[in-house]
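There's a structure below that I have some questions on.
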Amino acid sequence: MSTYVLVHGAWHGAWCWDKVIPLLEKEGHKVVAPDLPGHGSDKTPIPEISLQAYVDRVCQILDAQLDPVILVGHSMGGVVITQTAEYRPEKIKTLVYLTAFLLRNGEFLLQVAEGDTEALVLPNLIMAEDQGYAMVRDEAIKEVFYGDCSDEDVARAKSLLVPQAAAPFATPVNTTEENFGRVPRVYISCLRDKAIGPSLQEKMYMALPCEKIISMDTSHSPFFSAPEELATHLLSL
């Protein structure tokens, strides 16, 4: 039996894993899917949200597990699991980047995303007046995140998305070969992604080679559009 810890991305919450969790549990595995601070049912105020706060939440979960986990990060969650692996390498069996930001030491999300000519997030970003948080234009949300998802899933997701604190987007990861570098990595690439373009996905996993590259012919949200296929890939690890 393995323990899977599933970390959601920007604007989302633990709810995005609702179709995948039962499929992993049915095979006898333990699954933990937290709401990061300020997401889902967590009401941490925007000014208190940082990359460190996200990482602290995941570290607390890892510290409570008896055995090393399979740590999955979706989208922005990739930044969170990278920094977590620097602090808790011994608690992680495998890092899984699900169409996620896989950053090198010193890089930050916004810096890497700005070079992504295939993605539609930045052109559709609405920043708060104080620059403290951002939303994605409502009319662009389906195309950006859920291109191949059902209307029902899109409507539910829209009702649950929250403002995204800007600070984690602008905070560099701080990693070393001794810690982060020794944890095995797997990348699941989504080939129809409009939030992180396939070319950027490839550029990132070529710069930080992974033990395995898995491709899915989906949008940014295979947990909605292809949960069985995604679960099969996760179980194969």
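The values are calculated or read from the model by the stated rules, or taken from the named source; none is laboratory data. Because the structure is predicted, anything quoted here is derived from the model rather than measured. With ideal geometry, Cβ positions are generated from the backbone for all residues, glycine too; neighbour counts draw on all protein chains shown.
Return yes when F180 is more than 20 Å from I92 (Cβ to Cβ), among the aromatic types (F, W, Y) and at pLDDT 95 or above and no when it is not.
Against the criterion (more than 20 Å from I92 (Cβ to Cβ), among the aromatic types (F, W, Y) and at pLDDT 95 or above), F180 does not qualify.
Of all residues in region 149-166, which are under 27 Å from T82 (Cβ atoms), in contact (Cβ under 8 Å) with a residue 60 or more places away in the chain and assigned to a loop (DSSP other than H, G, I, E, B)?
Answer for region 149-166, where residues must be under 27 Å from T82 (Cβ atoms), in contact (Cβ under 8 Å) with a residue 60 or more places away in the chain and assigned to a loop (DSSP other than H, G, I, E, B): C149, L161, V162, P163.
Additional query: May I ask you to list pairs of residues, at least six apart or on different chains, whose Cβ atoms are under 9 Å apart, with the first in region 134-148 being within 14 Å of Q164 (Cβ to Cβ) and touching a residue at least 60 places away in the same chain (Cβ under 8 Å) and the second being part of a helix (DSSP H, G or I) and of a type in the set (G, A, S)?
From region 134-148, the pairs are F145/A157.
Let me ask something else. Output yes when any residue across region 143-153 is over 25 Å from A226 (Cα atoms), out of contact with any Asp or Glu (no Cβ under 9 Å at 6 or more places or on another chain) and surrounded by 16 or more Cβ atoms within 10 Å (Cβ to Cβ), and no when none is.
no
Could you grab me the full set of residues in region 226-237 that are under 16 Å from the mean Cα position of the chain (by Cα) and either of a type in the set (D, E, K, R) or crowded, with 20+ Cβ neighbours inside 10 Å (or both)?
Of everything in region 226-237, those that are under 16 Å from the mean Cα position of the chain (by Cα) and either of a type in the set (D, E, K, R) or crowded, with 20+ Cβ neighbours inside 10 Å (or both) turn out to be L230, A231, L234.
Next question. Criterion first (in a strand (DSSP E or B) and surrounded by fewer than 19 Cβ atoms within 10 Å (Cβ to Cβ)) does I188 satisfy it?
no
Taking region 227-237 on its own, how many of its residues are in contact (Cβ under 8 Å) with a residue 40 or more places away in the chain and either of a type in the set (D, E) or within 27 Å of L161 (Cα to Cα) (or both)?
Going through region 227-237 one residue at a time, the tally reaches 6.
Can I ask one more? Quickly run through region 118-132 and pick out the residues that are surrounded by fewer than 19 Cβ atoms within 10 Å (Cβ to Cβ) and not polar (S, T, N, Q).
E118, L122, P123, L125, I126, M127, A128, E129, D130, G132
Of the numbered conditions (1) outside any helix (DSSP H, G or I); (2) in contact (Cβ under 8 Å) with a residue 24 or more places away in the chain; (3) not β-branched (V, I, T), F169 fails exactly one; give the number of that condition.
F169 satisfies every listed condition except (1).
Further, regarding this structure: Go through (1) touching a strand residue (DSSP E or B) at 6+ places or on another chain (Cβ under 6 Å); (2) among the hydrophobic types (A, V, I, L, M, F, W, C); (3) under 28 Å from G197 (Cβ atoms) one by one and return the number of the condition I61 breaks.
Condition (3) is where I61 drops out.
Out of curiosity, is K158 modelled with pLDDT of 95 or more and either of a type in the set (V, I, T) or under 26 Å from A53 (Cβ atoms) (or both)?
Yes.
Something else now. Does region 191-233 hold any residues that are of a type in the set (D, E, K, R) and part of a loop (DSSP other than H, G, I, E, B), and which are they?
Let us first name the residues in region 191-233 that are of a type in the set (D, E, K, R), namely 192-194, 202-203, 211-212, 217, 228-229.
Answer for region 191-233, where residues must be of a type in the set (D, E, K, R) and part of a loop (DSSP other than H, G, I, E, B): R192, D193, K194, E211, D217.
I would also like to ask the following. Could you grab the pairs with beta carbons closer than 6 Å, sequence gap of 6+ or different chains, first residue in region 91-108 and farther than 19 Å from G9 by Cβ, second one in a strand (DSSP E or B)?
K93/I70
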